[in-house]
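What follows is a short report on a single structure.
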Amino acid sequence: MLRPKPFLILLALLALGAPAIGAQTPEMPDSLRAPRLPRQHLSGPRFGFTAFTGDVARLRDAVGKGPLMSQFGWQFETQIVSTRSGNQALMEWVVLLGGVEQDDLNLSLSWLAGYRLPNGFEFGVGPNVSVRKGSDDATTSMVVAGGVTMPFGELNVPMNVAVAFAEGGPRITTLLGWIIGS
């Protein structure tokens, strides 16, 4: 006597029963659905400075560069999730050009996953890569950032502090700017 294999029986039941199972699933009422709020894309200029610490600060001092470097750039933000309570899950790209006052151009790119509370306090974490003028080597680090975005009339002004943990000592960056977009 032929005995069907359990796998074949399961496959046949799934194939025959799938439409019936789908037809029996009740439609979810709108009152139980999570609200979908529009995804916002915000951006804006950033400016501030970076303070070098540890071995990097000593190396900069040895070649006549200061431990502080100016930063100018742009932040691109996408609000991945925005709730009616005001909480926001964020993804941010921050591009900075630093050191122009010391003829020490440093291009930096950070990608941060973050969260903003309804009161404007925010924090994020992610990778960073920096390339310095005259160097073939890129510096990579992990960035932890925090701050607040404060409303000034219809303008939102973010103020953030970020610490990049890299070989040679942490870099501490303070940025200020404003947000454009809706």
Among (1) farther than 25 Å from ARG171 by Cα; (2) at pLDDT 90 or above, LEU42 falls short only on (2)
Only unsatisfied item for LEU96, checking (1) exposed (fewer than 15 other Cβ atoms within 10 Å of the Cβ); (2) under 21 Å from PRO170 (Cα atoms); (3) touching a residue at least 24 places away in the same chain (Cβ under 8 Å), is (1)
Quiz item: Does any residue of the range 90-108 turn out to be over 30 Å from GLY64 (Cα atoms), part of a strand (DSSP E or B) and among the small types (Gly, Ala, Ser)?
Solution: no
Filter the range 130-142 for residues that are assigned to a strand (DSSP E or B) and either in contact with a helix residue (DSSP H, G or I) (Cβ under 9 Å, 6 or more places away or on another chain) or hydroxyl-bearing (Ser, Thr, Tyr) (or both); the one that is modelled with the lowest pLDDT is THR139
Inset, instruction - Please work out if ASP55 is surrounded by 15 or more Cβ atoms within 10 Å (Cβ to Cβ), more than 20 Å from PHE123 (Cα to Cα), modelled with pLDDT under 95 and acidic (Asp, Glu). - result: no
For the range 143-160 the number of residues that are exposed (fewer than 14 other Cβ atoms within 10 Å of the Cβ) and not in a loop (DSSP other than H, G, I, E, B) is 4
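The values are calculated or read from the model by the stated rules, or taken from the named source; none is laboratory data. All values reported here derive from a predicted model rather than from experimental measurement. We place every Cβ from the backbone using ideal geometry, glycine too, and count neighbours over all the protein chains shown.
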